[in-house]
Amino acid sequence: MKLHMRAGWDWLKDHLYIWIILFLYQLLWGFLLYRFMDSIIMPILRRYPNPPPTEMSSQLFLLESQFQLTKTSTYTPYLWIIIAFIAVRMLLTPIIQAGICYSMANHRTESGLTFFKGIAAAWKPFALLYILETALLLAPAYWVIPYLAESLASNPSWKLLLTGIVPVSLGWLVGGWLLHHLFLFLQFGAGANMPLLLALKTGIIRALPVIGLSLLFALISLLCSTLVTTAAMLWTGMTALILQQAYPALRALLKLWSISSRYHAWDHREP
């Protein structure tokens with residue numbers, strides 16, 4: 001583990017510009033999403049009865065909201081904007097992945113800004129892999145979501161929750177997590193210009209250290225998130241604002257360190 005983490009950190013130090021790009025991307029995306037949600041939620045909250053509502057006024061507020069959603073086209077533009085957000089996100093994700101994986105695979109043999117070279121050279125296979133991965137991840141929803149909805153509507157109870165809903169949800173979550181790692185191996189291979197079946201075989205052989213690193217960095221991210229949130233609650237004011245604004249940079253750093261360490265574990269050659 002230490003060997004892979006050290007190698008991942010060495011790569012990250014040599015490619016700090018990718019960290020800056022990823023941080024600015026996440027910061028801009030979060031700002032746009034916040035402004036969009038604020039433009040929707042605040043007007044709705046202003047219509048909420050004030051002073052504190054009675055039961056009748058609350059019912060009228062809910063009925064009006066339901067009428068606006070189902071009988072008018074008031075919120076249709078917002079729906080199209082949400083679809084556009086999702087489409088842009090799905091377009092940019094494989095492009096960024098192509099640049100990162102290509103940089104990790106070719107940092108010893110090429111100089112310059114390999115991130116942008118990778119985007120130009122490998123975005124097409126990464127886009128195809130991303131579409132296929134997304135389709136496979138969402139495919140179980142066709143059966144799982146109706147099952148969960150019917151189970152919750154028919155007879156919700158603790159027994160049903162423990163024996164039906166939680167195992168199915170966990171199975172979908174764990175299965176998706178493992179599927180993501182299989183496609184991660186394929187992305188590593190695409191970035192290194194390796195046959196995809198060979199990349200998948202190599203990843204399966206070295207799956208244990210890769211998955212171990214994933215769990216380790218997940219715990220580190222959870223710990224950092226908890227510490228930042230706790231510190232922001234204790235030290236309110238400017239300190240809390242600085243911590244909250246700096247956390248996306250830390251999150252981007254951990255994400256890049258994690259993927260570079262896992263790439264080294266996947267590509268590691270035993271002496």
Open item on the list: Tell me the angle of helix 207-234 to the major Cα principal axis of the chain, expressed in degrees between 0 and 90 and rounded to the nearest ten.
Closed with: 50
Task: Cα→Cβ-extended label distance, 7 Å offset, between T74 and R35, nm - done: 2.4
- [ ] Would you mind calculating the relative contact order of region 131-271 from Cα pairs under 8 angstrom and at least 6 residues apart, reporting the percent as a whole number?
- [x] 21
- [ ] With 10 Å bins from zero, work out the P(r) of region 156-256 over every alpha carbon pair and list the percent per bin.
- [x] 13, 26, 25, 24, 10, 1
Task: Shape of the chain, Cα gyration tensor, a/c cut at 1.5 - done: prolate
Open item on the list: Only four residue types carry charge here, +1 at the Cβ of Lys and Arg and -1 at the Cβ of Asp and Glu. Report the dipole size of the chain about the Cα centre in Debye, rounded to the nearest 20.
Closed with: 380
Open item on the list: On C-alpha positions alone, give me the angle between the axis of helix 16-46 and the longest principal axis of the chain, in degrees, nearest 10.
Closed with: 10
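List V210, V144 from most exposed to least, where exposure is judged by having the fewest other Cβ atoms within 10 Å.
If I rank by nearby Cβ atoms, fewest first, I get V144, V210.
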- [ ] Using packing as a proxy for protection, rank 253-264, 217-228 so that the peptide with the highest average count of other Cβ atoms within 10 Å comes first.
- [x] 253-264, 217-228
Open item on the list: Using a 10 Å cut-off around each Cβ, can you sort M42, M104, M5 from fewest to most neighbouring Cβ atoms?
Closed with: M42, M5, M104
Task: Sum of -39500 (n - 2.57) over DSSP H runs of 4+, divided by residues of the chain (222 nm, nearest 500) - done: -29000 deg cm²/dmol
Open item on the list: Suppose a student asked you for the relative contact order of the chain, using Cα pairs under 8 Å spaced at least 6 residues apart; what percent would you report?
Closed with: 30
- [ ] Please determine, in degrees from 0 to 90 and to the nearest 10, the orientation of helix 2-14 with respect to the longest principal axis defined by the Cα atoms of the chain, where the helix direction is its Cα long axis.
- [x] 80
Open item on the list: Give me the extension gain from L152 to Q26: residue separation times 0.36 nm, minus the current Cα-Cα distance, reported in nm with one decimal.
Closed with: 41.8 nm
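FYI, it's all coordinate maths here, none of it is from the lab. Given the structure is predicted, the values throughout are model-derived calculations rather than measurements. Positions of Cβ are generated from backbone atoms using ideal geometry, with glycine treated the same way; all protein chains shown enter the neighbour counts.
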